[in-house]
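Heads up: the structure comes next, in structure tokens.
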Amino acid sequence: SNSCSIQYLSLKGMTLGDAFFSSETFIQNIYSNIMLEGLNLSGNHITDEGMKAIFNVLKVSPSIRHLSAVQNDCLGDCLMDLAALLTGAEVTPEEEIAFKNIGKLVGDKNKAIKDVNKKRKKAGQPELNEIMAPVERIANVEGVNYIANRALVSIDLSFNPLTAQSFTAATDLLQKQSTEGKISSPALELSLIFRGRASEFVLSKLTTASE
């Protein structure tokens with residue numbers, strides 16, 4: 001096959017709920033799809049607890065750039081976990097092992113692609129592109145290992161019933177953490193999209209200056 005992994009996955013409107021997105025099946029499938037760039041989880045009755053599990057998966061997932069979680073049931077507590085995902089949280093042993101395993105998986109895939117390309121070249125066929133190695137996201141700060149996601153470009157949380165209090169507190173924290181987080185390089189540039197049922201479009205763009 002010319003395809004190594006899925007690049008876009010839509011589970012929109014499947015009402016799978018928190019239990020599915022917290023399951024080992026979901027976690028391992030996201031980890032193993034090393035070319036997955038887009039994930040649409042809209043309309044799945046995901047609460048803050050389910051979204052926290054998803055954000056934990058995204059700490060390690062190497063390639064997801066766009067996440068849509070429109071029309072779910074998040075009130076806003078999960079945004080605190082989002083801040084940790086983006087700006088640095090102390091890495092667990094399980095996360096460190098998972099990230100190393102992903103690097104090995106990419107290496108094994110690229111070795112297989114090189115072997116296939118030798119045959120394709122002899123047959124006069126175009127060569128397959130190798131998979132880009134995941135950006136390093138574990139950094140040692142003052143003797144402690146931290147992990148932060150730098151692959152994400154956009155997260156859409158529109159039409160979730162976010163409370164005003166949690167929204168304000170979380171966005172203030174995100175803005176603060178985007179400049180004071182444990183990991184500042186490579187730079188973070190992320191669009192957070194919030195649209196409400198009775199409110200105007202709100203776009204919060206977070207950036208950090210690379211050292």
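Observations
- If the condition is being surrounded by fewer than 16 Cβ atoms within 10 Å (Cβ to Cβ) and aliphatic (A, V, I, L, M), then segment 10-56 contributes MET14, ALA19.
- The residue pairs whose first member lies in segment 25-40 and is more than 17 Å from SER10 (Cβ to Cβ), whose second member is part of a loop (DSSP other than H, G, I, E, B) and open to solvent by less than 50 Å² (accessible area, probe 1.4 Å), and whose beta carbons are closer than 7 Å, counting only pairs six or more residues apart or on different chains, are TYR31/SER61; ILE34/SER5; ILE34/PRO62; ILE34/SER63; ILE34/ILE131.
- Within segment 3-24, the set of residues being within 20 Å of LYS104 (Cα to Cα) and β-branched (Val, Ile, Thr) comprises just one member, ILE6.
- Of the strands (runs of 3 or more DSSP E) lying entirely inside segment 85-160, those containing at least 1 residues that are open to solvent by 60 Å² or more (accessible area, probe 1.4 Å) and either touching a Phe, Trp or Tyr at 6+ places or on another chain (Cβ under 6 Å) or more than 30 Å from LYS12 (Cβ to Cβ) (or both) are 138-141.
- Of the residues making up segment 167-211, those that are farther than 12 Å from ALA83 by Cβ, hydroxyl-bearing (Ser, Thr, Tyr) and modelled with pLDDT of 65 or more are THR168, SER191.
- Candidates are the residues of segment 57-84 that are modelled with pLDDT under 90 and open to solvent by less than 10 Å² (accessible area, probe 1.4 Å); the one that is farthest from ALA19 (Cα to Cα) is ALA83.
- Segment 156-171 residues that are at negative phi and among the aromatic types (Phe, Trp, Tyr), paired with ones that are open to solvent by less than 60 Å² (accessible area, probe 1.4 Å) and part of a helix (DSSP H, G or I) (beta carbon under 9 Å, 6 or more apart): PHE167/LEU79
The values are calculated or read from the model by the stated rules, or taken from the named source; none is laboratory data. In this text the structure is predicted, and so the values were computed from the model without any measurement. Cβ coordinates were reconstructed from backbone atoms using ideal geometry, including for glycine residues, and neighbour counts include every protein chain displayed. What goes into the accessible areas is simple: the full protein's heavy atoms, side chains included, and nothing from ligands, DNA or RNA. Shrake-Rupley method; radii C 1.70, N 1.55, O 1.52, S 1.80 Å.
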